[in-house]
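What follows is a set of notes on a single structure, which appears directly below.
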């Protein structure tokens, strides 16, 4: 007979919480993917597919490649966390990057039917383990970086890396971030590859880097491929992005490598990279006539936090950060994110994210504990579990020259609570909050 505490534990669990669940359902995922491929005629086989995986930077890298190829006259589709399409991007409402195999194949067929020759596909570790890319040939695989994430699903970091490496095992050619600690594991599983980076020696290296508020500038070699093989570098490329942050040096380098492998000219690569003005929910500035800076970003795990804050090193004003943690996701990073936010902020507002069926107050406690451990004073930590009110609080506290960072949800169109999804967009809520401020 179950005692009350055991009953409560089981009541609070979903099927996915039971040991071995993920392995038990793998045959189902395989059959589902096979059926989807057959139903839609394996549409990806008629496209040249570039798969992009990694922990951070996947979406921006995908859009950079997509924009670059389209600007060069190569009709290209894209499928990412933010949206999908060819000429017109359909916004994605689902809180998912690589869709389940049925919807994935349906969208790929739509992209092919729209006349695309290329597809840039953002690929997650979940998708690789669950066979969602079954029947999708990968011409080029790109790795942006690998840091801790999704250990609620993969259990160990090694399993997480192995899941991402599966994409490279499928690929004809790989593009690998040489500065990443897991680079060698990706290089081992693909026969031909090129490396890129900033710090370590690599085939494609960024030099003369300039980080600006409105983008990054750097130079790199124009790598030659003869009969598909890497040869000596020739001329120099001068790359400029319209999206700021050192991480966009890496993202654009990966895109450059893809362009070089496909055979674009230096001019096509330079123009294509620079043509991307922004990606929704990625380092988006919100302008509504205010005299302080507001940025909305999707960053929701420690490495992404560090990179966002690094982009604003030397900022003169006060930094106010708003963020929270998603329910039923890797709990081990919550206190760490609290610590990072506290170390880089003057005021830290802890709020809800996609709490799902977890208690948002308990999630917030972990962030607060991390902030306190970092030495942040209690009066600088504000817990406001209503995300709308938290954003309104942040902008109300901002003075001229300050910086407000709203992190975690980025482009997402809903917030997931215990009773299901609710319409919510950080960008729209933030703009309205600024517009509602008393006029000076």
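Listing for the model above:
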quantity: Residue ID - nearest to residue 399 (Cα to Cα), chosen from residues in the stretch 328-347 that are part of a loop (DSSP other than H, G, I, E, B) and in contact with a strand residue (DSSP E or B) (Cβ under 8 Å, 6 or more places away or on another chain); calculated: 346
quantity: Lone qualifier among 54, 41 - being modelled with pLDDT under 95, crowded, with 19+ Cβ neighbours inside 10 Å and assigned by TED's automatic domain parsing to the domain that holds residue 158; calculated: 54
quantity: Those residues of the stretch 380-414 which are in a strand (DSSP E or B) and crowded, with 22+ Cβ neighbours inside 10 Å, in sequence order; calculated: 404, 405, 406, 407
quantity: Search result, residues across the stretch 115-131 that are without any contact (Cβ under 8 Å) to a residue 60 or more places away in the chain and either closer than 20 Å to residue 35 by Cα or in contact with a helix residue (DSSP H, G or I) (Cβ under 6 Å, 6 or more places away or on another chain) (or both); calculated: 126, 127
quantity: Verdict on residue 428 being in a helix (DSSP H, G or I) and touching a residue at least 40 places away in the same chain (Cβ under 8 Å); calculated: no
quantity: Unmet requirement for residue 358, which otherwise passes all of (1) in a helix (DSSP H, G or I); (2) surrounded by fewer than 22 Cβ atoms within 10 Å (Cβ to Cβ); calculated: (1)
quantity: Qualifying position, being in contact with a helix residue (DSSP H, G or I) (Cβ under 6 Å, 6 or more places away or on another chain) and either over 24 Å from residue 80 (Cβ atoms) or modelled with pLDDT of 90 or more (or both), among 341, 299, 369; calculated: 369
quantity: Residue satisfying condition, being in contact with a helix residue (DSSP H, G or I) (Cβ under 8 Å, 6 or more places away or on another chain) and either modelled with pLDDT of 90 or more or surrounded by fewer than 17 Cβ atoms within 10 Å (Cβ to Cβ) (or both), within set 134, 204; calculated: 204
quantity: Positions within the stretch 207-228 being within 11 Å of residue 257 (Cβ to Cβ) and modelled with pLDDT of 90 or more, in sequence order; calculated: 220
quantity: Residue in the stretch 415-434 that is surrounded by the most Cβ atoms within 10 Å (Cβ to Cβ), counting only those that are modelled with pLDDT under 95 and over 24 Å from the mean Cα position of the chain (by Cα); calculated: 418
quantity: Residue list for the stretch 83-141, restricted to those being assigned to a strand (DSSP E or B) and under 26 Å from residue 162 (Cβ atoms); calculated: 119, 120, 121, 122, 138, 139, 140, 141
quantity: Selected residue (only one of 310, 261 is assigned to a helix (DSSP H, G or I), surrounded by fewer than 16 Cβ atoms within 10 Å (Cβ to Cβ), on the phi < 0 side of the Ramachandran plot and in contact (Cβ under 8 Å) with a residue 12 or more places away in the chain); calculated: 310
quantity: Which numbered condition residue 59 misses (of (1) in contact with a helix residue (DSSP H, G or I) (Cβ under 6 Å, 6 or more places away or on another chain); (2) assigned to a helix (DSSP H, G or I); (3) surrounded by 24 or more Cβ atoms within 10 Å (Cβ to Cβ)); calculated: (1)
quantity: Subset of the stretch 282-291 (residues that are touching a helix residue (DSSP H, G or I) at 6+ places or on another chain (Cβ under 8 Å) and surrounded by fewer than 20 Cβ atoms within 10 Å (Cβ to Cβ)); calculated: 288, 289, 290
quantity: In the stretch 108-131, the residues that are within 20 Å of the chain's Cα centre (by Cα), over 22 Å from residue 255 (Cβ atoms) and at pLDDT 80 or above; calculated: 130
quantity: Matching residues in the stretch 73-107 - criterion: being touching a residue at least 60 places away in the same chain (Cβ under 8 Å) and under 15 Å from residue 140 (Cβ atoms); calculated: 74
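The values are calculated or read from the model by the stated rules, or taken from the named source; none is laboratory data. Quick caveat, the model's predicted, so the values are computed rather than measured. Neighbour counts run over all protein chains shown; Cβ positions are idealised from the backbone, glycine included.
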